[in-house]
Amino acid sequence: MDKKQAWIQLVEEKSQHYLNLNDGGFDEMMHVHLARCNYEEKSVTYAFPTQKWQINEKGGIHGGAIAGMFDTAFGVVANFTAGENEATTTDMTISFLRGVDYGMDLELTVYIVKAGRSLIRQRAELTDAATGKLLATASGSWMPL
């Protein structure tokens, strides 16, 4: 198996594992699944449905739920990037560009910026799956444990 095939298999296996722990936790509540990955870009795209429990008082998706989407996707990617170790969030910055409405299907693409031994840097974009409009961006660091 070449490097590209091995990386794609790792993305698929680790995404399946971390997003389906059946522990009733936050990631499970997100109902997220792997949409696609790109070896050349070192990017992984996850699909997130918006859900009733995520709405704010105005009927849109709560910023904290959006932050949770970023942290979920970043965390899965950081965990398989860290190799044998898992990784933990050290910092994350989010820019909200447009409102996210209940009923939207979302795609969140994570780009691995730098995968070091002591720190993994990532950036991501959240888009409306139907229109491709950019809704939010984020970046952050994850530390292998």
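The values are calculated or read from the model by the stated rules, or taken from the named source; none is laboratory data. Small disclaimer: the values here were computed from a predicted structure and weren't measured. When we count neighbours, we look across all protein chains shown, and the Cβ atoms used for this are built from the backbone with ideal geometry, even at glycine. For the accessible areas, the whole protein counts, side chains as well, though only heavy atoms, and no ligand, DNA or RNA atoms are used. Shrake-Rupley method; radii C 1.70, N 1.55, O 1.52, S 1.80 Å.
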Completion exercise
Under the Karplus relation with 6.51, -1.76 and 1.60 and θ = phi - 60°, whole-Hz ³J(HN,Hα) for the stretch 33-50, x at Gly and Pro, equal 9, 5, 9, 5, 9, 9, 4, 5, 7, 6, 10, 9, 10, 10, 9, 10, x, 7
Problem - Amide proton proximity set for I55, modelled H, under 5 Å, gap of 5+ - result: H62
Practice task
May I ask for the angle, rounded to the nearest 10°, between helix 63-81 and the longest principal axis of the chain, with both axes built from Cα atoms and the value confined to 0 to 90°?
Solution key: 10
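Give me the accessible area per residue for the stretch 71-145, probe 1.4 Å, as a whole number in Å².
Accessible area per residue: 50 Å².
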Problem - Pairs of Cα atoms farther than 12 Å apart, the stretch 59-104, % - result: 67
Fill in the blank from the handout: Violations at 32 Å Cα threshold for listed pairs K4/K133; K14/K52; K52/K114; K14/K133 -> K52/K114
Exercise for the section: Write down the Kirkwood hydrodynamic radius of the stretch 1-53, to one decimal in angstroms, obtained as one divided by the mean of 1/r over all alpha carbon pairs. Expected result: 12.2
Problem - MRE, 222 nm, helices only [DSSP H, n ≥ 4, -39500 (n - 2.57), over the chain, to nearest 500] - result: -8500 deg cm²/dmol
Exercise for the section: Measure nothing but the geometry: give the 0 to 90° angle between the long axis through the Cα atoms of 3-18 and the longest principal axis through the Cα atoms of the chain, rounded to 10°. Expected result: 50
Practice task
With N set to the residue count of the stretch 81-139, report its C-alpha Rg divided by 2.2 N^0.38 Å to two decimal places.
Solution key: 1.33
Completion exercise
Using alpha carbon centers only, the stretch 5-30 is separated from the stretch 81-145 by a whole-angstrom value of 15
Handout entry: Charge dipole of the stretch 33-145 about the Cα centre (unit charges at C-beta), most positive-ward option of N56, T90, G132
Key = T90
Handout entry: Taking N as its residue count, the alpha carbon Rg of the chain over 2.2 N^0.38 Å
Key = 1.01
Problem - Whole-number percent relative contact order across the stretch 25-95, with pairs defined as alpha carbons under 8 Å at least 6 apart - result: 19
Practice task
Can you list which of the trypsin sites (Lys or Arg not before Pro) found in the stretch 95-136 are DSSP loop residues with at most 10 other C-beta atoms within 10 Å?
Solution key: R117
